[in-house]
Amino acid sequence: MWGVDTEIALNMLRVFALMAERRQYPDNMGYGRQLETIVRAWLPSLALTVGNQVPL
């Protein structure tokens, strides 16, 4: 986190805190489609679909 702006680092911390608190995967919290969009944009090689699922 040393190489990112303070605002981005704070957002990353918020996400990590949410993950620790909820202990659920994003798709179980209703964010499956949004997560797929992020994976496809950032890691297209990982976004090879099996049916409608992104293998994460």
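The values are calculated or read from the model by the stated rules, or taken from the named source; none is laboratory data. All values derive from a computational prediction rather than experimental measurement. Cβ: placed from backbone, ideal geometry, glycine included. Neighbour counts: every protein chain shown.
Structure above, values below:
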quantity: All positions within the range 36-56 that are aliphatic (A, V, I, L, M) and modelled with pLDDT under 85; calculated: Val39, Leu43, Leu46, Ala47, Leu48, Val50, Val54, Leu56
quantity: Top-ranked residue in the range 17-32 [being part of a helix (DSSP H, G or I) and surrounded by 11 or more Cβ atoms within 10 Å (Cβ to Cβ); ranked as nearest to the chain's Cα centre (by Cα)]; calculated: Pro26
